[in-house]
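Have a look at the structure below before the remarks.
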Amino acid sequence: MKVFLDGQLINATQAVISPFDHGFLYGLGLFETMRVYNGHIALLDKHYRRLCEAADELGIRVTMTREELRFAILQTLNENDLDDAYVRVDLTAGDEGLGPYAGVYENPHWLIFTKPLAAFPTSLYETGKRLQVLKRPRNTPEGEWRFKSHHYMNNRFGKMEIGNDPDVEGLFLTENTCVAEGIVSNVFFVSDSVLYTPHVNTGILPGTRREFVLELAESNGIEVHEGFYYLDQLMVADEVFITNAMLEIVPIRAVNEKQIGTGTIGTLTKRLLELYRASI
């Protein structure tokens, strides 16, 4: 596999970053996972904007423009002979030695790697997954909002709790027991044809697909509410679904052992998935 590291395409085994990089020492790094459809990087603008906003908050200078990043991703795809792919972009703070650093990180490192997109079974979009409520609550973000950062410990604990069953996604609740998000997904539910999703002030990641689905819904006349919701409301919903960049929109057939709706993809979820795929 060839990877992009600071302007060069090299074999993955040769890609090294200094042990004094603060992305390694202190978790001061950001990443974006992007899906590529037939050579098209989906929602690149949203990914790049989120990366820049988080980097600005952390004091990491973004040293690549959107077009430079796009070209680097396309180069990496080409070197690996991929058209439909998973792409991960990392922006890590850079080398500033041991100890906390108060200044702006002027020389961050960029790492891009890609791999073939997994083949998702048809059943994933018919009967979907099961949500399992996690015992460990969602931690509060370190800043004003949650970054997609190298600080991933809460997600790690969640993944350890549910194990590696691909049929299950973990569901975080907040300390106040409000519905938050999945380990690697945002959560939506439908009641009486109205679409609901937790507000970003619950401490969730402002997902690119979350934002895109909200835009799709509003532009197609679907009533949308963002707020603070409890597990009981999720349990009695007509439909529940999750979103992320790789999986798009996936229906939830059950929360814990409680079946949602008919246990298959709901009417509004199916409509949004069709709109999503037509638009992407």
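The values are calculated or read from the model by the stated rules, or taken from the named source; none is laboratory data. For clarity, every value in this text was computed on a predicted model and none was experimentally measured. Glycine also receives a Cβ, built like all others from the backbone with ideal geometry; neighbour counts cover every protein chain displayed. The protein model used for the area step is the full one, side chains on, heavy atoms only, and it has no ligands, DNA or RNA in it. Shrake-Rupley method; radii C 1.70, N 1.55, O 1.52, S 1.80 Å.
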Requested in this report: Just reorder 197, 177 by solvent-accessible area, largest first, 1.4 Å probe, all chains present.
Outcome: 177, 197
Query - Farthest toward positive dipole pole in the chain [+1 Lys/Arg, -1 Asp/Glu at C-beta], among 99, 60, 76 - result: 76
Report summary line: Taking Lys and Arg as +1 and Asp and Glu as -1, residues besides residue 113 with C-beta under 10 Å from its C-beta add up to +2
Requested in this report: At most 16 other Cβ atoms within 10 Å plus a DSSP loop assignment makes a site exposed; report the longest stretch of the chain without any exposed GluC sites (Glu not before Pro).
Outcome: 1-105
Query raised in the report: Given labels modelled 7 Å from the Cα in the Cβ direction, how far is it in nm from residue 74 to residue 168?
Result: 4.3 nm
Report summary line: Heavy-atom accessible area of region 148-280 with neighbours in place, 1.4 angstrom probe: carbon+sulfur share in percent works out to 51 percent
Requested in this report: Run the 1.4 Å probe and let me know the accessible area of residue 271, rounded to the nearest 10 Å².
Outcome: 100 Å²
Query raised in the report: What accessible area, in Å² to the nearest ten, does a 1.4 Å probe give for residue 71?
Result: 120 Å²
Query raised in the report: Tilt of helix 66-79 relative to the longest C-alpha principal axis of the chain, in degrees (0 to 90, nearest 10)?
Result: 90 degrees
Report task. Take the solvent-accessible surface of the protein heavy atoms, probe 1.4 Å, and return the percent of it on region 1-104 that carbon and sulfur atoms account for. Result -> 50 percent
Query raised in the report: How far is helix 153-162 tilted, in degrees, relative to the longest principal axis of the Cα atoms in the chain, given as a value from 0 to 90 rounded to the nearest 10?
Result: 50 degrees
**Report entry** Antiparallel bridge percentage (DSSP; both residues within region 1-114; nearest 5)
**Finding:** 95 percent
Requested in this report: Could you list, in their original order, any pairs among 159/258; 115/258; 129/258; 159/270; 2/129; 46/148 whose Cα atoms are separated by more than 24 Å?
Outcome: 115/258; 159/270; 2/129
Report summary line: Ignoring ligands and nucleic acids, residue 58 exposes an accessible area, probe 1.4 Å, in Å² to the nearest 10, of 50 Å²
**Report entry** the chain, accessible area per residue, ligands and nucleic acids excluded (1.4 Å, Å²)
**Finding:** 48 Å²
